[in-house]
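One structure is given below, encoded as structure tokens.
The values are calculated or read from the model by the stated rules, or taken from the named source; none is laboratory data. Bear in mind the structure is a predicted one, so any value in this text is a computation, not a measurement. Cβ atoms come from the backbone with ideal geometry, glycine included; neighbour counts cover every protein chain shown.
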Amino acid sequence: MTDGSTTFEPVVGITMGDPGGIGPEIVVKALADPLLRRQAKYIIFGLDEQLEYVADQLEIEPYWLRLPHEKISRDLPRQVVVADYDEYSVPSWLHLPSLVSGQASLQFCIDAIDAARAGILDAVVTSPISKESWHMADARWLGHTELFADRCYSQRKAMMFVAGPLKLALATIHEALFEIRNKFTIGCVFEPIDLLNEALKEFFGIGRPRIAVCGLNPHAGENGQFGDEEQRIISPAILLAQEAGIECFGPFAADTLFLKAARGAYDGVVAMYHDQGLIPVKLLAFDKAVNVTIGIPMIRTSPAHGTAFDIAGRGVANESSM
């Protein structure tokens, strides 16, 4: 993008994720692509020692410059810089949740968010973290989405997933299934509808998105035969969205809705809980799905998969989603 005299080059922050997971590997593999490196400048928030080890295992020549994490700025001396944290040391063979991995991966995220808020970064891409590691580190947040919203002072947030033809947002995020009934409100359904509508316009150029909403219960409740959440909560939220000018439909039985949405009947879908939405996302695009946090004042994306401790260190992780 040019303004006639200068070229804007975005600076993208990438967090390494849990050092024991596949995060280091997919970061090294993804940025090994020279074409990708020409599109922006990148700051990797992570452990240089770990990235060097992974590059050696993959027989990839290191293409980055190490800097202490306190020294980062927009004026990077190279296309890819590692903001290194030498205060953390994680054994290369440790492919399981740990206190030190939780402390390190949490700090990577906090610093990347703060750098974006300070104008150093134009976007943040996060590698997978272990929620168990974060719990060991006494993190106040359940995951990335909650952390980003809190650090950005955002009252509204939603997880959006892009999986080929399917764009989906969640009404509830990291909630135990048996607790959803007690936390399920009209507001928690309306908010992702509203945020998804805005995201589809902004990111995908859809002038008037058509959004479908899942029911919570089997067969979307069958008019109250299998629960009344559709009548008490979901339908009123849809009505609110329609009154706000959003083309919103439902609630529909989830077992058939996703097929219709993937075939283009709708531009976006709002699912009621984590696995209701994530199962079709991963069936459609397991290796390429992307998670986007919507409702916050910055761009934050992430691969839509986890740490994959079971394959970490073997060099077989697919970096496509990254």
Mind counting the residues in the stretch 63-86 that are touching a helix residue (DSSP H, G or I) at 6+ places or on another chain (Cβ under 6 Å), in a loop (DSSP other than H, G, I, E, B) and either modelled with pLDDT under 95 or β-branched (Val, Ile, Thr) (or both)? 1
Only one of (1) among the β-branched types (Val, Ile, Thr); (2) touching a Leu at 6+ places or on another chain (Cβ under 9 Å); (3) assigned to a helix (DSSP H, G or I) does not apply to Ile211, and that is (3)
When you check Ala176 against the structure, is it within 14 Å of Ile14 (Cα to Cα) and surrounded by fewer than 18 Cβ atoms within 10 Å (Cβ to Cβ), yes or no? no
Among the residues of the stretch 1-38, count how many are among the aliphatic types (A, V, I, L, M), assigned to a loop (DSSP other than H, G, I, E, B) and modelled with pLDDT of 95 or more. 3
Exclusive hit being at pLDDT 90 or above, closer than 30 Å to His135 by Cα and assigned by TED's automatic domain parsing to the domain that holds Ala289, set Val189, Val213: Val189
Only residues that are more than 24 Å from Lys282 (Cβ to Cβ) and in a helix (DSSP H, G or I): list them for the stretch 240-268, please. Leu240, Ala241, Gln242, Glu243
Per-region count, the stretch 269-322, residues in a strand (DSSP E or B), of a type in the set (Ser, Thr, Tyr) and in contact with a helix residue (DSSP H, G or I) (Cβ under 7 Å, 6 or more places away or on another chain): 2
Counting just the residues of the stretch 141-184 that are free of Cβ contacts under 8 Å to residues at least 24 places away in the same chain and in a loop (DSSP other than H, G, I, E, B), which one comes out farthest from Ala237 (Cα to Cα)? Trp141
I need a count of the residues in the stretch 194-229 that are within 18 Å of Glu175 (Cβ to Cβ) and in contact with a helix residue (DSSP H, G or I) (Cβ under 9 Å, 6 or more places away or on another chain). 7
In the stretch 217-235, anything at pLDDT 90 or above and surrounded by fewer than 13 Cβ atoms within 10 Å (Cβ to Cβ) is listed as none
Between residues in the stretch 43-61 that are in contact (Cβ under 8 Å) with a residue 60 or more places away in the chain and residues that are surrounded by 17 or more Cβ atoms within 10 Å (Cβ to Cβ) and part of a helix (DSSP H, G or I), which pairs lie under 7 Å by C-beta distance while being six or more apart or on different chains? Phe45/His69; Phe45/Phe108; Phe45/Asp111; Phe45/Ala112; Gly46/Pro24; Gly46/Phe108; Leu58/Val28; Leu58/Lys29
Which listed residue is assigned to a strand (DSSP E or B) and on the phi < 0 side of the Ramachandran plot, from Ile60, Ile44: Ile44
Quick check on my filter: what residues within the stretch 118-140 are touching a Ser or Thr at 6+ places or on another chain (Cβ under 8 Å) and in contact (Cβ under 8 Å) with a residue 60 or more places away in the chain? Ile120, Ala123, Val124, Val125, Thr126, Ser127, Pro128, Ile129, Ser130, Ser133
If we scan the stretch 309-318, do we find a residue that is acidic (Asp, Glu), surrounded by fewer than 19 Cβ atoms within 10 Å (Cβ to Cβ) and either in contact (Cβ under 8 Å) with a residue 24 or more places away in the chain or not assigned by TED's automatic domain parsing to the domain that holds Ile233 (or both)? yes
